[in-house]
Structures are given as structure tokens and as C-alpha cells.
Amino acid sequence: MILLSGSQLTIEQMKAILYEGASIGIVDEAKNRVLASRARVEKIVQEDKTVYGINTGFGKLSDVKIAEHEVNLLQLNLIRSHACAVGEPFPELVSRAMIVLRLNALLKGYSGIRLEVLERLEWMVNNKVHPVIFQQGSLGASGDLAPLSHLVLALIGEGDVYYKGNRVPASAIWKQFQLVPIELRAKEGLALINGTQAMTAQGVINYIEAEKLAIASEWIAAMTLEGLRGIIDAFHPAIHEARGFIEQSAVASRMRYWLEHSKLITKQGELRTQDPYSLRCIPQIHGASWQVLSYVKDKLEIEMNAATDNPLILEDGSVISGGNFHGQPIAFAMDFFKLGVAELANVSERRIERLVNPNLNEGLPAFLSARPGLQSGAMILQYTAASLVSENKTLAHPASVDSIPSSANQEDHVSMGTTAARHAYMILCNARRVLAIEAFCALQAVEYRGTNLMSPRTRKKWEELRAFVAPIVEDRVFHYDVEKIAHYLK
């Protein structure tokens, strides 16, 4: 069980919750903070003080005072009116991550929400009841209002949820488990939707999958190096120590690890003096992408444990309006992520070209075909890779440089962080398929060279992939092979 406190949630714990089905709990200290924060809200309502989000309208309507008997209706209206996201639903995994992250943020005790609401979120995670949340409609400031409103719809019994592989009305789930839908009270609707959990949830999943892909890119590149009789000297530790980037040295070290005892690699001057950049500069290029991922992880883990709603209720009872809901830090991180992952695909596509091009592949058959001319072999696989990396270049345009005013110009600068996170995942999926194509071609190349000459470690990878991907004996529909390897990489 992963215990949530509002301040110590990590990417590693999120892996366990998302991919291993780990349950969650709430530490007692956090429960006490939540109870104290809620008491402050109740006091404000009883004293009829005018406080934004508790008894006022929202956005441009923040100067409209709401009567005490209507403060609960205010929260219900907020959720219903804001639940206007469109497009395809987020994957269920993203929905699960959003619940966990919103819960963790609210446990910090700055939001004035009742403990029973948070315990219902905890119940949803532990029983794998995940709201149907649509992807498009967030500006990434004032929080991910529209997506998070669809999360809250499930709480109040008006939305749909995923449960055991089916999409069903939330009201049916509450009836099935003999639970009453949550009735929102003062401040609670705003507390639940005024945060960056859509972009952060997608960002966390982006990071977890990208880390795995970056690791895979190294053994795939090592296999390609064997297929092209690449020069091992470029990974000499002294070269990388001379530059000083830790990530670069780490990639070089791992490349030496993968290629240890290989009889297919060559020494400088043995066949040629230098390799092309896509082979020789693997530590420099991949290492820079690891630097990007390190930056992204740091920013995500801060945001995962941040109070991102507005206003915040402080321990002294004061209620301060600020802008922690503004997603600029995550928008920048996701735009940076896009560059790092797109580059893994860019350099992979160049290695694919070298594997299939008879003018560049060091004597391998043209397009790795069994009968070049009669059969096209892997010719068009390179086309597909080129198409994917080209698409990534358009998706890599930074979403964070865009902004559009909203709420009658009260909210006059927004982050577009959720757009950045969504596009980042699209780039990641494209990059995974490009690397799957490189792996497919590298498998064929090392077979022509002699798999008995491979490094024991790359040979093991070759055996794993050959268990479900056949060699190119004749032309066939390669779509299925690419998708199988992409699934393996994921």
C-alpha cells in the first residue's frame, strides 16, 4: 500500500499505483490537516464573510455574492457548467493518475474540503473505479477545469466511469456498492477542479513510458551497431569524461555493457576511421535526451506534491487568492519532453536508413531483402519511420508559447499545459514505433552478420524478439511486426 501525505509522492510510487495496481491509504497527519482546513471553511460560511470560491461566483463573476442557503448549489452548478470537455476520453490509466494526484494535493490541507470526499477518491482508486474524462478543453490555467469537472461528475453520480473493462454510469456503481453520491458543499467543487492534475497525470505517464523507451533505445542502437560493424572506440570512457556530462558518460557506459564480448563490432581503423554521427554520437544524443527526462521528472515530482487550487486557506484562517493553478511549469516541462523524445526517434530513423540503404549498410542486402528487386524488404519501413519523425516535428511545436484570454479577459494568460502533455504522449507513441522499426531492421542485419558473433546481451534481446517476430524470408505485411515490437517496448 502507498500512503499519501500530500508531500512525499514519487514517480516510483506512481508506477506501483498505475502499473502494478497498488492500493493507497491516507496518513493520519494529513487527515487532521484536512479536518482543520474544513473547519475554517465552515466558520467562514457561518460568519457570512465574503470569500472567493466559497460564497462568490467564479472568474469574471467573482464579485457576485452568493447567499448562504445557495453555497452548495453554487458548487454543483460549477461542476455541471464546467464539465464541457470534448474529444476522446483519456486512457483509463490517466484517469486513475488524476484521482491519485488530486487526492494527494488536497491532503496538504489548504483546500477546505471534507475528509469524506477525499476518502471517496481513495475508495475509487482502491476499487479501480475510474471516471471517463475527455481530453480536450483545458487551457491549463485556473487549473484543468473541464477535465477535472468530468472527474467530479463521477463523484456526484452524474458522469460515467470505467469499471472492470466496461463504461457504466457512476450512479450505477454507487448503487451497486450501496454508496451515496457525494453532495458537494461550500468550496468543494472549486477545490476539486482548480488544479493541474490532467496535465500532470498525463505527464507522469509520459515520463514513465519515456524512461522505459530511452533504456530500450540503447540496446536497439547497440544491435544496430553490430549490424553495421560499428566502431566501439567512440564509447571509450575518457572521451565522455572529457566533456563532463553525467548522462552522456552513463549512455556510453551502457553501450559498452551491451556490446561487451561482441565479435561484430570493430576498432578504429579496422574497416573505417570514423562512424557517421548517428552511430558515433549515440552517447551525446541519447545522453542529452536523458538530461531532458531528468528535468521533467524533477518538475513533475514537485507538482505531484503541490497545492494547486485557489484560493488557499492558510493555517491562521486567512484565505488568499493566488495563481498556483497556472500550469506554466508543467507546460514548459512537457514541451521540453517533446524535444528530448522526438530526438530519440530522429536519430533512430537515421540509423534505420543506414541499415536498409545499400550505399550505406556495409554490404548488407539492399533493404535487407531476401531477394532485392523481386522483393522490397524493409524499404517502406523507412518511409513509415520518416513519416513518424516528420509528424513529431509538427507536434513538437511548443504549446506553451500560445495563450488565449478567457473569462471575459479576467484570465488573460494561460499555459496550454494539457495540450503540451497530450502532444508529448503522441510524440512518445510515434517514437516507440520508430524504435520498433529500427529493432526489426537490426534483427535482420545481425542475422546476415551471424548471430553467433553477437554480444551475449544483445543476443538475448534478439532471442526474445525472434520469439514473436519472424525473419524477413519474403515480403509480408510488416505492420503486425512493428506493432508487436512496439507493444513489447511499452
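Brief remarks follow.
- Selected residue (criterion: surrounded by the most Cβ atoms within 10 Å (Cβ to Cβ)) from residues of region 220-239 that are outside any helix (DSSP H, G or I) and touching a strand residue (DSSP E or B) at 6+ places or on another chain (Cβ under 8 Å): G230
- Residues within region 454-478 that are part of a loop (DSSP other than H, G, I, E, B), of a type outside the set (D, E, K, R) and surrounded by fewer than 17 Cβ atoms within 10 Å (Cβ to Cβ), tallied: 6
- Top-ranked residue of region 16-34 - restricted to ones that are loosely packed, with under 15 Cβ neighbours inside 10 Å and not acidic (D, E), ranked as nearest to the chain's Cα centre (by Cα): Y19
- For region 158-168, the condition of being more than 17 Å from S81 (Cβ to Cβ), modelled with pLDDT of 95 or more and of a type in the set (A, V, I, L, M, F, W, C) holds for at least one residue.
- Residues of region 257-284 that are modelled with pLDDT of 95 or more and small (G, A, S): S262, S278.
- The residues listed here are F367, F325; of these, the one that is over 15 Å from the mean Cα position of the chain (by Cα), within 30 Å of G112 (Cα to Cα) and of a type in the set (F, W, Y) is F325.
- Qualifying residue in region 410-427 (condition: surrounded by fewer than 24 Cβ atoms within 10 Å (Cβ to Cβ), free of Cβ contacts under 8 Å to residues at least 24 places away in the same chain and either in contact with a strand residue (DSSP E or B) (Cβ under 7 Å, 6 or more places away or on another chain) or not in a helix (DSSP H, G or I) (or both)): yes
- Within region 185-219, being assigned to a loop (DSSP other than H, G, I, E, B) and at pLDDT 95 or above holds for one residue alone: T196.
- So R254, is it surrounded by 18 or more Cβ atoms within 10 Å (Cβ to Cβ), among the basic types (K, R) and modelled with pLDDT of 95 or more: yes
- Any hit, region 173-183, residues being in the same structural domain as L118 (by TED's automatic domain parsing), touching a Ser or Thr at 6+ places or on another chain (Cβ under 9 Å), outside any loop (DSSP other than H, G, I, E, B) and of a type outside the set (D, E): no
- The listed residues are S390, S403, and the only one of them that is hydroxyl-bearing (S, T, Y), in a loop (DSSP other than H, G, I, E, B) and in the same structural domain as L339 (by TED's automatic domain parsing) turns out to be S403.
- The residues on offer are G109, G57, and the sole one that is touching a strand residue (DSSP E or B) at 6+ places or on another chain (Cβ under 9 Å) and at pLDDT below 85 is G57.
- Filter pass, N55 being under 33 Å from the mean Cα position of the chain (by Cα), more than 30 Å from T10 (Cβ to Cβ), not charged (D, E, K, R) and not assigned by TED's automatic domain parsing to the domain that holds S407: no
- Pairs, first without any contact (Cβ under 8 Å) to a residue 60 or more places away in the chain in region 436-453, second β-branched (V, I, T), C-beta under 8 Å, six or more apart: A436/V482; A436/I485
- Selection of first residues in region 109-131 that are closer than 20 Å to A201 by Cα and in the same structural domain as D160 (by TED's automatic domain parsing) and of second residues that are among the β-branched types (V, I, T) and part of a helix (DSSP H, G or I), restricted to Cβ pairs under 6 Å at least 6 apart or on distinct chains, gives the following pairs, ordered by first then second residue: L121/I99; M124/I99; V125/I99; V125/V100; V129/I173.
- If the condition is being more than 17 Å from R102 (Cβ to Cβ) and either assigned to a strand (DSSP E or B) or not hydroxyl-bearing (S, T, Y) (or both), then region 12-25 contributes E12, K15, A16, E20, G21, A22.
- All positions within region 361-379 that are surrounded by 13 or more Cβ atoms within 10 Å (Cβ to Cβ) and without any contact (Cβ under 8 Å) to a residue 24 or more places away in the chain: A366, F367, P372, M379
The values are calculated or read from the model by the stated rules, or taken from the named source; none is laboratory data. None of these values were measured; they are calculated from a predicted model. No Cβ is skipped: glycine too gets one built from the backbone with ideal geometry, and neighbour counts run over all protein chains shown.
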